[in-house]
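Working notes for the structure below.
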Amino acid sequence: MKSKKGVVLAVIAILLVVVVKASAVVTYPNEYAVIKQFGKIVTIHDEPGLSLKVPFIQKTEKIENEVLLYDLAVSDVMTKDKKSMIADCFVLWRISDPQKYTQTLSAQKSNAEYRIDTIVYNSLKNVISSLSQEEVISGRDGELAMMIGDNIGDTLTQYGITLLAVETKSLDLPDENKAAVYERMISERNNIAATFQAEGKEEAKEISNKTKAEIIVMQSEADAKAEETIAKGEAEYMRILSEAYNNEEKADFYLFLRSLDAAKKTMTGSNKTLIIDQSSPLADIFY
């Protein structure tokens with residue numbers, strides 16, 4: 001009897017373990033836990049932790065809850081000016097609505113990647129076909145990726161998918177076209193550089209001529225101011241002399257001094273003899 005009870009208890013314990021294991025749902029931070037009953041979604045756990053389900057009736061499907069990478073195949077695309085280019089792109093995406101994702105794509109990552117590949121490639125082709133080859137090349141710093149993303153819009157939201165980024169690993173020319181295109185681009189850049197240099201020289205010449213004209217004006221104004229200052233100085237000198245010799249005695253003394261200066265200037269060299277006529281004003285200083 002004891003052995004039978006032991007067997008029964010062991011069987012019950014095993015059944016309890018099986019039931020508990022079948023009832024427990026462990027959700028990790030990087031996943032969604034989708035609970036289904038007879039193929040229909042009952043609930044979705046998007047927070048990490050432990051939860052329960054009805055054992056043997058309800059089933060659990062795990063879906064990735066993190067940023068995912070999809071690498072598109074290298075493909076040929078045609079620009080607006082009928083130039084062929086080789087595009088190699090990748091996409092960053094995530095599942096934002098696990099219910100839509102499960103209902104529309106059967107929670108299959110391969111189905112999601114097929115949709116992403118088709119939609120992104122079509123957008124890439126449409127955007128590049130609306131641009132010239134030069135515009136495509138110059139837009140590789142982020143402008144092209146933005147245009148592709150804008151063209152896709154919210155198309156993927158119907159599948160519960162959010163597109164985070166579309167980036168081009170490489171967007172190059174076919175080998176046979178590279179040399180000719182690069183030579184043309186170099187020639188165009190040289191022409192632009194020559195234009196800038198010519199404009200710079202012309203502007204430098206204008207600045208130089210303007211500076212020279214300003215210098216001439218400033219010099220002229222300075223000369224005029226100097227002349228005016230000299231004239232004012234001479235006028236002031238004459239005014240001071242006039243005030244200094246404003247009576248007859250002072251005037252006679254001033255005349256005497258000027259006569260001496262004149263006589264001194266006439267005596268040059270070693271001969272100091274001064275011969276003057278009696279009618280000369282200089283004769284007056286010696287009488």
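Read-outs: derived from the displayed coordinates by stated rules, not from any lab. Computed from a predicted structure; not experimentally measured. All Cβ positions, even for glycine, are placed from backbone atoms using ideal geometry, and neighbour counts span all protein chains on display.
Using the beta-carbon distance between residue 213 and residue 238 and R0 = 41 Å, what value does 1/(1 + (r/R0)^6) give for FRET efficiency, to the nearest 0.05?
It comes to 0.65.
How high is the relative contact order of region 67-107? Use alpha-carbon pairs under 8 Å, at least six apart in sequence, and give a whole percent. It would help to have the intermediate numbers written out before the result.
Numbers: 44 pairs, mean separation 15.7, N = 41.
Relative contact order for region 67-107 comes out at 38 percent.
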- Query: What nm distance separates the two modelled labels at residue 256 and residue 92, each placed 7 Å from Cα along Cα→Cβ?
  - Reply: 10.9
- Task: Rounded to the nearest 0.05, what FRET efficiency do residue 67 and residue 40 give with R0 = 35 Å and r taken as the Cβ-Cβ distance? Could you check?
- Result: 0.75
- Would you mind calculating the gained length between residue 132 and residue 201 on full extension (0.36 nm times residue separation, minus the Cα-Cα distance), in nm to one decimal? 21.6 nm
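Under the 0.36 nm per residue contour assumption, what length would be gained going from the current alpha-carbon distance of residue 230 and residue 13 to full extension?
Details: separation 217, 0.36 × 217 = 78.12 nm, distance 12.48 nm.
Between residue 230 and residue 13, full extension yields an extra 65.6 nm.
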- Query: For region 48-138, what are the per-bin percents of Cα-Cα distances with bins 5 Å wide, up to the bin holding the maximum?
  - Reply: 3, 11, 18, 16, 13, 10, 9, 8, 4, 3, 3, 2, 0
- Item | Approximate spin-label separation residue 154-residue 84, in nm, with each point projected 7 Å along Cα-to-Cβ | 4.0
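Relative to the present Cα-Cα distance, how much length would full extension add between residue 21 and residue 75 at 0.36 nm per residue of separation?
On the way: separation 54, 0.36 × 54 = 19.44 nm, distance 4.83 nm.
Difference between extended and current length: 14.6 nm.
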- Given the peptides 201-214, 49-62, arrange them by the average over their residues of other C-beta atoms within 10 Å, most packed first. 49-62, 201-214
